[in-house]
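Here the structure comes first, spelled out in structure tokens, and everything after it is commentary.
The values are calculated or read from the model by the stated rules, or taken from the named source; none is laboratory data. Since the structure is predicted, the reported quantities are computational estimates derived from the model, not experimental observations. Methodologically, a virtual Cβ is constructed for each residue, glycine included, from the backbone with ideal geometry; neighbour enumeration extends over all protein chains shown. In case anyone asks, the SASA skips ligands and DNA or RNA and just uses the protein heavy atoms, side chains included. Shrake-Rupley method; radii C 1.70, N 1.55, O 1.52, S 1.80 Å.
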Amino acid sequence: MTTLIINIKELLQIREIGVAKISGAAMGILPTIKNAYLIIKDNLIADFGSMDILPKTKADQTIDATGKIILPSWCDSHTHIVYAGNREQEFVDRINGMSYEEIANRGGGILNSAKNLNDATEEEIYNQSKVRLEEVMRLGTGAVEIKSGYGLTIDGELKMLRVIKQLAQNYPISIKATFLGAHAIPLAYKEDRKGYIDMIINHMLPEISKNSLAQFIDVFCETGYFTVEETEEIMNAGIHFGLKPKIHVNQFNSIGGIQAGIKHNALSVDHLEVMTPEDIEALKNTNTMPVALPSCSYFLSIPYTPARAMIAAGLPLALATDYNPGSTPSGNMNFVVATACIKMKMTPEEAINAATINGAYAMGISDTHGSITIGKKANFIITKPIPSYYQLPYAFGSNLIDRIFLEGKIIT
Ligand SMILES: [Zn+2]
């Protein structure tokens with residue numbers, strides 16, 4: 001099956017094979033071709049270039065993209081979209097003056113989601129989660145990482161990871177699974193945190209490994225959740241079972257989580273709303289991708305990740321949604337890109353690099369996703385007719401998507 005797309009107003013994020021991530025000043029450059037063609041063979045990008053040199057092509061279907069822009073699908077490297085129920089009551093409580101930490105301390109927050117998750121059947125969780133997955137696909141996301149972490153019991157965590165695996169089997173979007181048993185200490189272990197960590201390491205991880213249910217290990221390294229020492233112990237155990245660390249750090253406090261992640265060669269360190277100069281220094285010349293989650297900052301009214309200081313220091317940066325029932329009930333990467341420009345002062349070029357190729361890196365899939373590159377997955381967005389790609393962050397809140405291709409097929 002060959003698809004030829006012609007007269008593309010501008011084809012964004014064209015990259016040579018082997019570009020894994022974009023850092024520092026280079027993030028300000030977004031390579032494009034104006035008046036371009038794109039050829040898809042089966043599920044892969046086969047060729048692209050200027051319409052001036054369009055080769056003779058026998059296509060099964062031809063699409064005229066006059067006035068429209070094409071860019072690679074968003075790569076959302078941090079979500080919790082498998083969950084049960086919602087936390088809209090806490091949302092209203094926060095409007096009425098309670099803090100996220102106060103809600104957590106009274107048994108709300110993650111423990112509230114854990115109760116809903118453990119009360120729900122695997123089928124109910126699957127059916128609720130697939131609605132969210134279908135929604136983010138329609139919003140242009142072509143690869144997504146999904147975490148466990150609302151079970152906090154062996155059964156609950158395995159149930160979540162099986163749902164993630166089932167979604168990956170049933171949908172054309174690329175899905176990576178992360179085990180986040182260390183999301184919070186469950187109520188039953190309130191007085192025995194060591195007992196819960198032992199269960200993660202000695203009971204949950206072996207089962208997950210045996211059933212190949214996750215690629216990554218995550219820990220919520222934060223005051224009131226898991227200490228740096230505990231985070232290191234859990235990361236080490238995950239690595240022993242073949243899982244690469246991707247960890248939650250520096251959301252509310254800088255306690256050394258970034259340095260611990262780097263020490264254990266974490267693929268990414270995520271959140272980073274609170275960054276010291278030492279934290280930025282530590283990330284220089286490492287393989288660890290910093291990931292910002294601006295819709296979480298927006299929803300909780302907490303600081304935004306200091307993108308300008310990080311990019312000025314030569315660091316790469318990825319953008320993700322953090323889609324979850326408590327702090328970000330939204331999986332809209334278009335909104336994330338707009339918010340990064342509006343609130344974090346990232347340029348459109350930086351935000352698009354962060355939401356595509358760098359997001360792919362933060363999931364370990366930048367050899368197959370995140371750019372328009374020959375041989376990569378044919379996962380891309382065709383916009384409605386727009387004056388320029390500046391519209392993507394500028395017209396925040398508008399849906400500018402005309403069509404979505406995943407695995408070489410039109411899904412909407
Ligand atoms: Zn998260």
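Over region 75-361, what is the mean sequence separation of C-alpha contacts under 8 Å (at least six apart), divided by residue count, expressed as relative contact order in percent? The partial results should precede the final answer.
On the way: 570 pairs, mean separation 51.1, N = 287.
Here the relative contact order equals 18 percent.
Which percent of the accessible area of region 312-412 is formed by carbon and sulfur heavy atoms (probe 1.4 angstrom)? Provide the component values of the computation, followed by the final result.
On the way: 1740 of 3150 Å².
On region 312-412, the fraction of accessible area on carbon and sulfur atoms equals 55 percent.
Using only Cα atoms, figure out Rg for the chain and give it as a multiple of 2.2 N^0.38 Å.
For the chain, the normalised Cα radius of gyration comes out at 0.96.
Which is the longest run of the chain containing none of the trypsin sites (Lys or Arg not before Pro) found in DSSP loop states (not H, G, I, E, B) with at most 16 other C-beta atoms within 10 Å? Don't jump to the answer; show the numbers that get you there.
Values: sites that count: LYS56, LYS58, ARG106, LYS190, LYS284, LYS345.
Free of exposed loop sites, the longest segment is 191-283.
Connecting C-alpha atoms closer than 10 Å in a GNM of the chain, tell me which of ASN250, ASN285, ASN332 has the biggest fluctuation.
ASN285
Specify whether the C-alpha gyration tensor of region 1-133 places it in the rounded, prolate or oblate class, a ≥ b ≥ c being the square roots of the eigenvalues: rounded for a/c under 1.5, otherwise prolate if a/b is larger than b/c and oblate if not.
Prolate is the answer for region 1-133, as a/c is 1.5 or above and a/b outweighs b/c.
Of all accessible surface on region 1-151 at a 1.4 Å probe, what whole percent is carbon and sulfur? Mind dumping the intermediate values first?
Values: 3280 of 6550 Å².
Ligands and nucleic acids excluded, carbon and sulfur reach 50 percent.
Against the longest alpha carbon principal axis of the chain, how many degrees, from 0 to 90 and to the nearest 10, is the axis of helix 122-138 turned?
Between the helix axis and the principal axis of the chain, the angle is about 40 degrees.
For region 280-364, restrict the atom set to alpha-carbon positions and state the Rg and Dmax in Å.
12.1, 35
Over the chain, give the accessible area per residue in Å² for a 1.4 Å probe, as an integer.
Here the per-residue accessible area is 38 Å².
What angle do you read, to the nearest 10 degrees and between 0 and 90, between the alpha-carbon axis of helix 154-170 and the longest principal axis of the chain?
10
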